[in-house]
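The values are calculated or read from the model by the stated rules, or taken from the named source; none is laboratory data. Note that the coordinates shown come from a computational prediction; the quantities given were computed from them, not determined experimentally. When we count neighbours, we look across all protein chains shown, and the Cβ atoms used for this are built from the backbone with ideal geometry, even at glycine.
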Amino acid sequence: MNTGNLILAVHGTRDPHGTAVARSLALDVAELVRQPARLAFADVRTPTVGQVAARTPGPLVVVPAFLASGYHVRTDIPHQLARAGRADAVVTPALGGHPALLDTAVRRLDDAGYRTGDAVVLACVGTSDPGAGAELRRAAADLSRRLGTRVEVAFIATGGPTVTERVAQLRERGHRRVAVASWLLAPGLFHDRLAHAGADAVADPLCPAPAIARAVVDRYRRAVVGQPA
């Protein structure tokens, strides 16, 4: 039963592959909830979250497919909804804190050739939001516990150190091998930069993966009925 129209809000990318992955995620989510999952973009591409919300009647649940609750989740998406006259929409927490994402990150790292004993960097887009920064550090701490080794946070677009700088620092400390775990949802410019960071292993983005679609559905169902998927 449809108890709320689902909008899947993603950042947006000019990379066609990244956009295709986002559309595939929306289709996978729609199949799981047996109703449309309307894809909307917070930035770069259209339709925007506000545009999709304005033309979608009835109750709305917006699931932000972001890995931390930075500017887009805390400010931009709510403002877009308000300007569209849909301040009544429910916005769920960002995906980043969902355990399925950590599980997927570990699998991606293993698939990339991670070896026990490797130094590990968690590559994040970056943020100037202190709360989002704390969430990214928690993700690195969670990954540290899963791998049994310290995981260093590094950034691609905002903040520092950069992934390249962090890899170099680890080399200087005597680590022979460095692996990069990708805290990115989809391929695109940001992930492409990781290939030039000097690491021995670079994990793929988290999507496509069935676990990520299930995480979106879990966020949605908790919002509409208060129960996990």
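Could you check, for region 102-118, whether at least one of its residues is assigned to a helix (DSSP H, G or I) and among the β-branched types (Val, Ile, Thr)?
The initial filter retains those residues of region 102-118 that are assigned to a helix (DSSP H, G or I), namely 102-111.
So of that shortlist, the ones also among the β-branched types (Val, Ile, Thr) come out as 104, 106.
Taking every residue of region 102-118 in turn, at least one turns out to be assigned to a helix (DSSP H, G or I) and among the β-branched types (Val, Ile, Thr).
Checked against the criterion of being surrounded by 20 or more Cβ atoms within 10 Å (Cβ to Cβ), part of a strand (DSSP E or B) and of a type outside the set (Asp, Glu), the candidates VAL62, VAL29 yield just one match: VAL62.
For (1) in the same structural domain as VAL62 (by TED's automatic domain parsing); (2) at pLDDT 95 or above, each residue gets a yes or a no:
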{"site": "ILE156", "(1), (2)": "no, no"}
{"site": "VAL167", "(1), (2)": "no, yes"}
{"site": "LEU170", "(1), (2)": "no, yes"}
{"site": "ARG177", "(1), (2)": "no, yes"}
{"site": "VAL180", "(1), (2)": "no, yes"}
{"site": "GLY188", "(1), (2)": "no, no"}
{"site": "HIS191", "(1), (2)": "no, no"}
{"site": "VAL216", "(1), (2)": "yes, yes"}
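Working carefully through the options VAL178, VAL216, find the one that is of a type outside the set (D, E, K, R) and either touching a Phe, Trp or Tyr at 6+ places or on another chain (Cβ under 9 Å) or farther than 18 Å from GLU152 by Cα (or both). Let's see the steps before the verdict.
Numbers: VAL178 fails: either touching a Phe, Trp or Tyr at 6+ places or on another chain (Cβ under 9 Å) or farther than 18 Å from GLU152 by Cα (or both).
None of the others qualify; the one that does is VAL216.
Return yes or no: is VAL49 modelled with pLDDT of 95 or more, crowded, with 23+ Cβ neighbours inside 10 Å, touching a Phe, Trp or Tyr at 6+ places or on another chain (Cβ under 8 Å) and outside the structural domain of LEU184 (by TED's automatic domain parsing)? Outline the logic, then answer.
Working: modelled with pLDDT of 95 or more: yes; crowded, with 23+ Cβ neighbours inside 10 Å: yes; touching a Phe, Trp or Tyr at 6+ places or on another chain (Cβ under 8 Å): yes; outside the structural domain of LEU184 (by TED's automatic domain parsing): yes.
The answer is yes for VAL49.
Being in contact with a strand residue (DSSP E or B) (Cβ under 6 Å, 6 or more places away or on another chain), crowded, with 20+ Cβ neighbours inside 10 Å and over 17 Å from ASP218 (Cβ atoms) is a description that applies to ALA42. Quick test of your reading of the structure: LEU122 fulfils all but one of (1) buried (at least 19 other Cβ atoms within 10 Å of the Cβ); (2) touching a helix residue (DSSP H, G or I) at 6+ places or on another chain (Cβ under 8 Å); (3) in a helix (DSSP H, G or I). Name the failing condition by number. With respect to (1) buried (at least 19 other Cβ atoms within 10 Å of the Cβ); (2) touching a helix residue (DSSP H, G or I) at 6+ places or on another chain (Cβ under 8 Å); (3) in a helix (DSSP H, G or I), LEU122 is out only on (3). Please verify whether region 182-189 includes one or more residues that are part of a helix (DSSP H, G or I) and without any contact (Cβ under 8 Å) to a residue 40 or more places away in the chain. Within region 182-189 (the criterion being part of a helix (DSSP H, G or I) and without any contact (Cβ under 8 Å) to a residue 40 or more places away in the chain), the answer is no, since none of the residues qualifies.
ASP204 fulfils the conditions (1) of a type in the set (D, E, K, R); (2) part of a loop (DSSP other than H, G, I, E, B); (3) surrounded by fewer than 17 Cβ atoms within 10 Å (Cβ to Cβ) except for a single criterion, (3).
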